[in-house]
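Report on one structure; see the data block that follows.
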Amino acid sequence: MTSDWLGLSGRVAIVTGAAGGIGGAIAAELAAAGAAVGLLDRDAAGVTAAAEALRATGATAFATGCDTTDEASVAAAFAATRAALGPAAILVNNAGILRAGPLSEIPLASWNALLAVNLTGYLLCAQAARAQMLEAGGGALVHIASIAASNPQPRSGAYSPSKAGVAMLSRQLALEWGPDGIRSNVVSPGLIRTPLSESFYQAPGILERREAMVPGRRVGTPQDIADAVTFLASHRAAYVNGAELLVDGGLDQVVLELTPRPGY
């Protein structure tokens, strides 16, 4: 086995929503595998601190603030990253938000704001990355969706529709851009404990109840997602295109286990 088994040494990767949580773990894992990483986030101070922490370990990292819903902001961030690191061969679309509310009452502004970040922003970043990937001789797109893409999550506004859109966007990109040497795949997390979801786990008994739901009997971590993303971004996944990888400990398989069946 070579020391660069994943073939990521020297390749440039851009990660959106990289100030912390899943995005921060992805950026750190790509850097540990030898990639030069551009960290983008609306939280400019947070993403700058994350890049500084990576550089302290000897990694090559560059940070810039970016509003992924704004085409000009995306263009500027990708241009700055290219100037600092070179053309990107990897893009991880990870930036996302949650605006809770039942569909009967969700304000249109909240619906549109969530779709702008969770879906339209993914397209804008993919478009910005395309030219750099062609310059680099090909590339890999990895989009963070959710098991909520195929399992509707109630009272969460546009969240499930946005993630279902991400899954289809990735498949269409795989079809349209595959001939240009650009792969597109999705990682769909299940229950992952992050700063965004931490408030849920502060309620008594929630962690234990959630662990009991998962066949693997644990709630996932950002590192679980980072490991899957790094594989899909690497040469080891060179023939994987248009796929969705569930990283949920088996949660997606439990519906019949929860269905009462006398005698079983």
* To do: Give me Rg over Rh for the stretch 27-103, both radii from the alpha carbons and Rh done the Kirkwood way, two decimal places.
  => 1.02
* Asked: For Asp41, what charge total do you get from the other residues with a beta carbon under 15 Å from its beta carbon, if Lys and Arg give +1 and Asp and Glu give -1?
  -> -3
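Using the count of nearby Cβ atoms within 10 Å as a rough guide to exposure, how do Phe200, Phe78 rank from fewest to most? The partial results should precede the final answer.
Values: Phe200 13, Phe78 25.
Ordered from fewest to most neighbouring Cβ atoms within 10 Å, Phe200, Phe78 come out as Phe200, Phe78.
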* Kirkwood-Stokes translational diffusion coefficient of the stretch 84-214, alpha-carbon pairs, 37 °C, 0.692 mPa s, µm²/s -> 204 µm²/s
* Asked: Whole-Hz Karplus ³J(HN,Hα) for the stretch 42-52, in order, using 6.51 cos²θ - 1.76 cosθ + 1.60 and θ = phi - 60°, x for Gly and Pro?
  -> 5, 7, 4, 5, x, 6, 5, 5, 5, 5, 4
* Taking the convex hull of the Cα atoms, report for the chain its projected area averaged over all directions, in nm². => 16.3 nm²
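When Lys and Arg each count +1 and Asp and Glu each count -1, what net charge do the other residues less than 10 Å away from His235, Cβ to Cβ, add up to?
On the way: positive: Arg11, Arg236; negative: Asp4.
Combined, the nearby Lys, Arg, Asp and Glu give +1.
Return an integer: the convex hull volume of the alpha-carbon atoms of the stretch 139-236, in Å³ per residue. All intermediate terms of the calculation are to be shown ahead of the outcome.
Details: hull volume 11.0 nm³, N = 98.
Residue-normalised Cα hull volume stands at 112 Å³.
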* Structure fact -> With label points set 7 Å from each Cα along the Cα-to-Cβ direction at Ala49 and Asp4, the distance between them in nm comes to 3.3 nm
* **Longest to shortest principal axis, alpha-carbon extents of the stretch 65-110, angstrom** => 47, 19, 13
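Which value, in nm² and rounded to one decimal, describes the direction-averaged projected area of the C-alpha convex hull of the stretch 43-84? Before the final figure, lay out the partial values.
Numbers: hull surface 11.3 nm².
Averaging across all directions leaves 2.8 nm² for the Cα convex hull.
Counting other beta carbons within 10 Å of each residue's own, what order do Tyr122, Tyr159, Tyr264, Tyr201 fall into, fewest first?
Exposure proxy ranking, most exposed first: Tyr264, Tyr201, Tyr159, Tyr122.
When every alpha-carbon pair in the stretch 176-226 is counted, what percent end up more than 18 Å apart? Mind showing how you got there, number by number?
Values: 585 of 1275 pairs.
More than 18 Å apart: 46 percent of the Cα pairs in the stretch 176-226.
Which order results if Cys125, Cys66 are arranged by neighbouring Cβ count within 10 Å, fewest first? Intermediate results must be reported in sequence, preceding the final value.
On the way: Cys125 25, Cys66 31.
Ordered by Cβ neighbours within 10 Å, fewest first: Cys125, Cys66.
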* Starting from the Cα-Cα distance between Glu257 and Ser104, subtract it from 0.36 nm times their residue separation and give me the gain in nm to one decimal. => 52.0 nm
* **Reduced Cα scattering model of the stretch 13-145, Debye log10 I(q)/I(0), q = 0.09, 0.10, 0.22 Å⁻¹** => -0.25, -0.30, -1.28
* Structure fact -> Once amide hydrogens are built 1.01 Å from N within the peptide plane, the residues lying 5 or more places from Leu191 or on another chain with amide H under 5 Å from its amide H are Gly220
* Alpha carbons only, please: Rg and Dmax for the stretch 1-51, in angstrom. => 11.4, 39
* **Per-residue HN-Hα couplings for the stretch 115-132 [Karplus 6.51, -1.76, 1.60; θ = phi - 60°; Hz; x = Gly/Pro]** => 4, 4, 7, 7, 10, 4, x, 5, 5, 4, 5, 4, 4, 5, 6, 3, 4, 5
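With contacts defined as alpha carbon pairs under 8 Å and 6 or more residues apart, what's the relative contact order of the chain in percent? Please report the intermediate quantities before stating the final value.
On the way: 528 pairs, mean separation 49.0, N = 264.
It rounds to 19 percent for the chain.
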* Asked: Expressed in nm to one decimal, what extension gain is obtained for the pair Ala131 and Met168 from 0.36 nm per residue of sequence separation less their Cα-Cα distance?
  -> 11.2 nm
* Asked: Under 5 Å between amide H atoms, partner at least 5 residues away or on a different chain: which partners does Gly38 have, H built in plane at 1.01 Å?
  -> Ala13, Ile14, Val15, Phe62
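No lab work stands behind these numbers, since they all come straight from the coordinates. Computed from a predicted model, the values in this text were never measured in an experiment. Glycine also receives a Cβ, built like all others from the backbone with ideal geometry; neighbour counts cover every protein chain displayed.
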